[in-house]
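The values are calculated or read from the model by the stated rules, or taken from the named source; none is laboratory data. Note that the structure is a prediction, hence the values are computed from the model and not measured. No Cβ is skipped: glycine too gets one built from the backbone with ideal geometry, and neighbour counts run over all protein chains shown. Side chains included, ligands, DNA and RNA excluded: accessible areas come from the protein's heavy atoms. Shrake-Rupley method; radii C 1.70, N 1.55, O 1.52, S 1.80 Å.
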Amino acid sequence: MIYDFDRPVNRRNTYSLKWDVGENELPMWVADMDFETAPEIKEAILERAAHGVFGYTDVPDAWYEAYIHWWKERHDFAIQREWLLFCTGVVPAISSIVRKLTTPAEKVLIQTPVYNIFFNSIVNNGRQVLESPLKQDDMEYQIDFTDLEQKLADPQTTLMILCNPHNPIGKIWDQATLAHIGHLCRKYHVIVVSDEIHCDLTAPGCSYVPFASVSEECRENSITCIAPTKTFNLAGLQTAAVMIPNELLRHKVWRGLNTDEVAEPNVFAVDAAIAAYEHGGEWLDTLRCYIHENKETASQYIEANIPQARMISSKATYLLWLDIRNMTSFSTEAAGFIREKTGLYLSEGSQYGKAGDGFLRMNVACPRSTLMDGLTRLKDGLAACEKHKVL
């Protein structure tokens, strides 16, 4: 089947969080694609809607089987049925886990720069954020294992949230790296919550490594959050899964999800997930190629037209991590000025921790024409910043 990712979809006046902006503004911030989902998913939702009765919904065997089959075929990882719990979203799951598995004022470790909502899940629940900044060697990020071990050894550190693949840098952690993380966390009795929501959005020919697949240490000391929502642009349907091999951890998380009332699906959540994992493979592979081409286009444009900025090379996600430290370390001011002068709405790097100062995040899951508009605005916005000495 031919999928037309070049066709713009007008999302204004649809109550879109992303597109609820000014008429001349271009939002390229939140991780939300501007593509229609796979046709098979649309058909499944329309068929369910045609039924006309939208009562309480159970999780059927087909939902478990869809996840199991997808992870086995796509990621060579055998998930057992009893390991899976339904949840309305990865963020609700992480927040619930923080509440259930840690106590107030304990420390939750994250590797910055990292998804900004992790901070909310920690701070809003009365826990302490403990940052272990990633090391940047030229264009490549690595884990500072000396710093990581020192902070895991802190007796107040009881939970680590791992981002795999890593948002916003687009890094796919290799098996050896994950094994080392798993070993250290087991050594210091720190439970790992692995957010793997971006796992299917890898570059063509690249695959990610599920944390729980690496070793027994990783498997028995981890909770993995997975979902079709980023992959198939279904965030508004609130459908996800938590995968927990360890029986004791699973029971605690099950209690937490039910206590927090985030363990029951809405009427479309199950059908959409099943359709995605049973029939969405071809659409996804085409999408991955398109996003890869968008990244290549962006890289070439930035190198040719914005030489003072650098795009960090990535193998996953549809997000660009842009280094503007040669111009400024004040990414919040830069992002605000770019939006004011050009209408381009980006995420400032400081949202992702101190290690994000001097960076911008840009979402390129959009038609090529939209991408080029955004890149032009980026060039004009940074030039205006320099001209007006904002940076």
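Would region 321-328 turn up any residue that is open to solvent by 50 Å² or more (accessible area, probe 1.4 Å) and either over 22 Å from the mean Cα position of the chain (by Cα) or among the aliphatic types (A, V, I, L, M) (or both)?
First, pick out the residues of region 321-328 that are open to solvent by 50 Å² or more (accessible area, probe 1.4 Å): 325-326.
The next check asks that each one be either over 22 Å from the mean Cα position of the chain (by Cα) or among the aliphatic types (A, V, I, L, M) (or both); those that pass are 325-326.
Yes, there is a match, as at least one residue in region 321-328 is open to solvent by 50 Å² or more (accessible area, probe 1.4 Å) and either over 22 Å from the mean Cα position of the chain (by Cα) or among the aliphatic types (A, V, I, L, M) (or both).
Output the residue which, of all residues in region 169-194 that are open to solvent by less than 10 Å² (accessible area, probe 1.4 Å) and farther than 21 Å from E140 by Cα, is farthest from the chain's Cα centre (by Cα). Break it down into steps so the answer makes sense when it comes.
Pass one, region 169-194, residues open to solvent by less than 10 Å² (accessible area, probe 1.4 Å): 169-170, 173, 178, 181-182, 184-185, 190, 192-194.
Then keep just the ones that are farther than 21 Å from E140 by Cα; that gives 182, 184-185, 190, 192-194.
Values: G182: 21, L184: 24, C185: 22, V190: 22, V192: 17, V193: 14, S194: 11 Å.
Applying the filter and picking the extreme gives L184.
Among the numbered criteria (1) crowded, with 22+ Cβ neighbours inside 10 Å; (2) outside any loop (DSSP other than H, G, I, E, B), which one does C199 miss?
Single failed check for C199: (2).
How do the pairs read when you match residues in region 234-255 that are under 15 Å from T37 (Cα atoms) and open to solvent by 90 Å² or more (accessible area, probe 1.4 Å) with residues anywhere that are of a type in the set (S, T, Y) and modelled with pLDDT of 95 or more, using Cβ under 7 Å and keeping only pairs 6 or more apart or on different chains?
Pairs that qualify, where the first residue is under 15 Å from T37 (Cα atoms) and open to solvent by 90 Å² or more (accessible area, probe 1.4 Å) and the partner is of a type in the set (S, T, Y) and modelled with pLDDT of 95 or more, are Q238/T88.
Pairs only if they're at least six apart or on different chains, beta carbon under 6 angstrom, first in region 71-85 and assigned to a helix (DSSP H, G or I), second surrounded by fewer than 20 Cβ atoms within 10 Å (Cβ to Cβ); list them, first residue then second.
From region 71-85, the pairs are W71/F77; K72/A78; R81/Y64; W83/P245.
Can you work out which of the residues in region 310-339 that are in a loop (DSSP other than H, G, I, E, B) and touching a Cys at 6+ places or on another chain (Cβ under 8 Å) is nearest to I291 (Cα to Cα)? Break it down into steps so the answer makes sense when it comes.
Initial filter on region 310-339 (in a loop (DSSP other than H, G, I, E, B)): 312-315, 317-318, 324-330.
From the residues that got through so far, the ones that are touching a Cys at 6+ places or on another chain (Cβ under 8 Å) too are 315, 327-328.
Working: K315: 11, M327: 27, T328: 28 Å.
Within region 310-339, the match that is nearest to I291 (Cα to Cα) is K315.
Can you run down the residue pairs with Cβ atoms below 7 Å, 6 or more apart or on separate chains, where the first is in region 117-145 and farther than 21 Å from G170 by Cα and the partner is open to solvent by 60 Å² or more (accessible area, probe 1.4 Å) and modelled with pLDDT of 95 or more?
Every condition considered, the pairs that remain are N125/R99; G126/P104; R127/P104; V129/V123.
Report, by residue number, each residue of region 147-176 that is among the hydrophobic types (A, V, I, L, M, F, W, C) and in contact with a strand residue (DSSP E or B) (Cβ under 6 Å, 6 or more places away or on another chain). Break it down into steps so the answer makes sense when it comes.
Here is the first cut: in region 147-176, the residues among the hydrophobic types (A, V, I, L, M, F, W, C) are 148, 152-153, 159-163, 169, 172-173, 176.
Result: L159, M160, I161, L162, C163, I169, I172.
Among the basic types (K, R), under 17 Å from D323 (Cβ atoms) and in a helix (DSSP H, G or I) - does that describe any residue in region 351-367?
Going residue by residue through region 351-367, those that are among the basic types (K, R) are 354, 361.
Retained after the next criterion (residues that are under 17 Å from D323 (Cβ atoms)): 354, 361.
Okay, now just the ones that are also in a helix (DSSP H, G or I), so 354.
Within region 351-367 (the criterion being among the basic types (K, R), under 17 Å from D323 (Cβ atoms) and in a helix (DSSP H, G or I)), the answer is yes, since at least one residue qualifies.
Which residue pairs have Cβ atoms under 7 Å apart, sit 6 or more places apart or on different chains, and have a first residue in region 289-317 that is at positive phi and a second that is modelled with pLDDT of 95 or more?
Pairs found: T317/P165; T317/N167; T317/G170; T317/H198; T317/L201.
Determine, yes or no, whether K295 is part of a helix (DSSP H, G or I), of a type in the set (K, R) and within 22 Å of the chain's Cα centre (by Cα). I'd like the intermediate steps shown before the answer.
Working: part of a helix (DSSP H, G or I): yes; of a type in the set (K, R): yes; within 22 Å of the chain's Cα centre (by Cα): yes.
Yes.
Here is a yes/no grid of residues against (1) under 24 Å from G52 (Cα atoms); (2) among the charged types (D, E, K, R):
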| site | (1), (2) |
| --- | --- |
| A263 | yes, no |
| F268 | yes, no |
| A275 | yes, no |
| L284 | no, no |
| H292 | no, no |
| S299 | no, no |
| E303 | no, yes |
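Could you list all residues from region 18-36 that are open to solvent by less than 20 Å² (accessible area, probe 1.4 Å) and in contact (Cβ under 8 Å) with a residue 60 or more places away in the chain?
Residues of region 18-36 that are open to solvent by less than 20 Å² (accessible area, probe 1.4 Å), as a first pass: 18, 26-28, 31, 33-35.
Matches in region 18-36: L26, P27, M28, A31, M33, D34, F35.
Taking the condition of being assigned to a loop (DSSP other than H, G, I, E, B), at pLDDT 95 or above and either open to solvent by 60 Å² or more (accessible area, probe 1.4 Å) or of a type outside the set (V, I, T) (or both), how many residues in region 96-141 meet it?
Restricting attention to region 96-141, the residues satisfying the condition of being assigned to a loop (DSSP other than H, G, I, E, B) are 102-106, 111-116, 124-127, 132-134, 138-139.
Those left that are additionally at pLDDT 95 or above: 102-106, 111-116, 124-127, 132-134.
Okay, now just the ones that are also either open to solvent by 60 Å² or more (accessible area, probe 1.4 Å) or of a type outside the set (V, I, T) (or both), so 103-106, 111, 113, 115-116, 124-127, 132-134.
Summing the residues that are assigned to a loop (DSSP other than H, G, I, E, B), at pLDDT 95 or above and either open to solvent by 60 Å² or more (accessible area, probe 1.4 Å) or of a type outside the set (V, I, T) (or both) in region 96-141 gives 15.
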